[in-house]
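Colleague: Below is one structure. I have some questions about it.
Just so it is clear, none of the values below were taken in a lab; they were calculated from the coordinates. As the structure is a prediction and not an experimental result, all values here were calculated from the model. Using ideal geometry, Cβ is built from the backbone for each residue, glycine included, and neighbour counts are taken over all protein chains shown.
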Amino acid sequence: MSALKNDTFLRALLRQPTEYTPTWLMRQAGRYLPEYCATRARAGSFLNLCKSPTLATEVTLQPLARYNLDAAILFSDILTVPDAMGLGLYFAEGEGPKFERPLREEWAIRNLEPPNPHDHLRYVIDAVAEIRKSLDGSVPLIGFSGSPFTLSCYMIEGQGSDSYTQVKKMIYGRPDLMHHILEVTTRAVIDYLNAQIEAGAQAVMVFDSWGGMLSQAAYLEFSLPYMARIMAELTRERDGRTVPRIVFTKGGGLWLEKIAACGADAVGLDWTIDIGDARRRVGDKVALQGNMDPTILLTTPEAVAREAEAVLTSYGHGSGHVFNLGHGISQFTPPENVSVLVETVREKSRAFHQVA
């Protein structure tokens, strides 16, 4: 493997000194880029794109060709794991992901088993290896998974949801079944992320997209402990370097101190929390990643630059900040606004890293 030319992102996650605040963006390879849309059209479907290591590599690298980003993130989908468990993932046109066989019956839940990532998720592991090789040491590669709770939501509901009725009925009516699903899914995520690290991922992130819809008591029982177990069992070192771990619960700002204590190196923040307040709350326990509202990218270049500076100013001086959005980029984002964002952070953040 080539030596890493730009390790700013990895150092920031470990709260080591950096010359500027590194940037990457959730969903940075996506529909806002015309080149992505062209590759996806060639693939024929989103799933075909995910399941082709060559095409996944192509779209992973596209934003790096356009923008001065400090990390690449594997192009995949969090639902590859439940798909590998045999739930039958498919994408209905205009309706998002769905499962043919959602977990509703006790026998199906009891029969659930973690997939072998080298077998059922080979296409992802091959993509990680191919992307890492293609990056040639330019920037680090992030691997990722959905959190056990978020994956379980999709597995039980069979699709995205606004109310999570089936999930909450199971949490409060049959917590034993919910915990069984979470146990199996946690083992699957640990194996999956460790396989990604083995194949070349240099940092990993767990996306808890739906944890924020839980009550505090439910979050502390059904989401956070399982993420903590993942943190404890991930490979810590590869190729002589620490492999940093990031957790992100959308809507989790209320529980920030508890999330910061789960064993991760960094905590992702959505835009509902001030990053300066978050820094004061967690102290030097973890690095922070975030947290500009992605909707700002739909406005003017001036607004983008102003809001990016506001996030940097709120975080303040010193290391331990990875600039990101509070959630994924909208498909309607003008690509030129992303240029403004990335260049503003690269230029304006240097003042916050100067040693007095």
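Colleague: What's the exposure ranking of H327, H118, H321, H353, going from fewest to most Cβ atoms within 10 Å? Let's see the in-between values first.
Modeller: Values: H327 21, H118 13, H321 30, H353 17.
Going from least to most buried by this count: H118, H353, H327, H321.
Colleague: Then there's this: Which value, in debye to the nearest 20, describes the size of the charge dipole of the chain about its Cα centre when Lys and Arg Cβ atoms bear +1, Asp and Glu Cβ atoms bear -1, and nothing else is charged?
Modeller: 340 debye
Colleague: Share of antiparallel DSSP beta bridges in the stretch 8-352, in percent to the nearest 5?
Modeller: Numbers: 7 of 31 bridges.
Taking every DSSP beta bridge within the stretch 8-352, about 25 percent pair in antiparallel fashion.
Colleague: Report the residues of the stretch 244-288 in range of a label on L220: point 7 Å along Cα→C-beta, backbone N strictly under 14 Å from it.
Modeller: 254-262
Colleague: With P(r) over Cα pairs in 20 Å bins from 0, in percent in mind, check (1) 34, 58, 8, 0; (2) 29, 55, 14, 1; (3) 31, 61, 8, 0 and report the label derived from this structure.
Modeller: (3)
Colleague: Where in the stretch 20-54 does the amide nitrogen come within less than 15 Å of the point 7 Å from the Cα of R66, taken along Cα to Cβ?
Modeller: Counting backbone N atoms under 15 Å from the label point, the list is 24-41.
Colleague: Considering only D162, D265, D70, give the residue with the highest GNM mean-square fluctuation for the chain, with springs between Cα atoms whenever their separation is below 10 Å.
Modeller: So, out of D162, D265, D70, the one fluctuating most is D162.
Colleague: Also, quick follow-up: Given the -39500 (n - 2.57) contribution per DSSP H run of 4+ residues, what per-residue ellipticity at 222 nm results for the chain, rounded to the nearest 500 deg cm²/dmol?
Modeller: -13500 deg cm²/dmol
Colleague: Between the stretch 98-151 and the stretch 295-323, how many Å separate their Cα centres?
Modeller: 32 Å
Colleague: How many lysine pairs does the chain hold where the Cα atoms are under 28 Å apart and the two sit 8 or more places apart or on different chains?
Modeller: For the chain, qualifying lysine pairs total 18.
Colleague: In whole percent, what relative contact order does the stretch 8-352 give with Cα contacts below 8 Å and a gap of six or more residues?
Modeller: Relative contact order of the stretch 8-352: 22 percent.
Colleague: Which order do the peptides 137-148, 31-42, 88-99, 288-299 come out in when sorted by mean C-beta neighbours inside 10 angstrom, highest first?
Modeller: 137-148, 288-299, 31-42, 88-99
Colleague: Tell me, what HN-Hα J-couplings in whole Hz come from the Karplus equation 6.51 cos²θ - 1.76 cosθ + 1.60 at θ = phi - 60° for each residue of the stretch 318-333, using x for Gly and Pro?
Modeller: x, 8, x, 10, 10, 6, 7, 8, x, 6, x, 5, 5, 5, 8, 5
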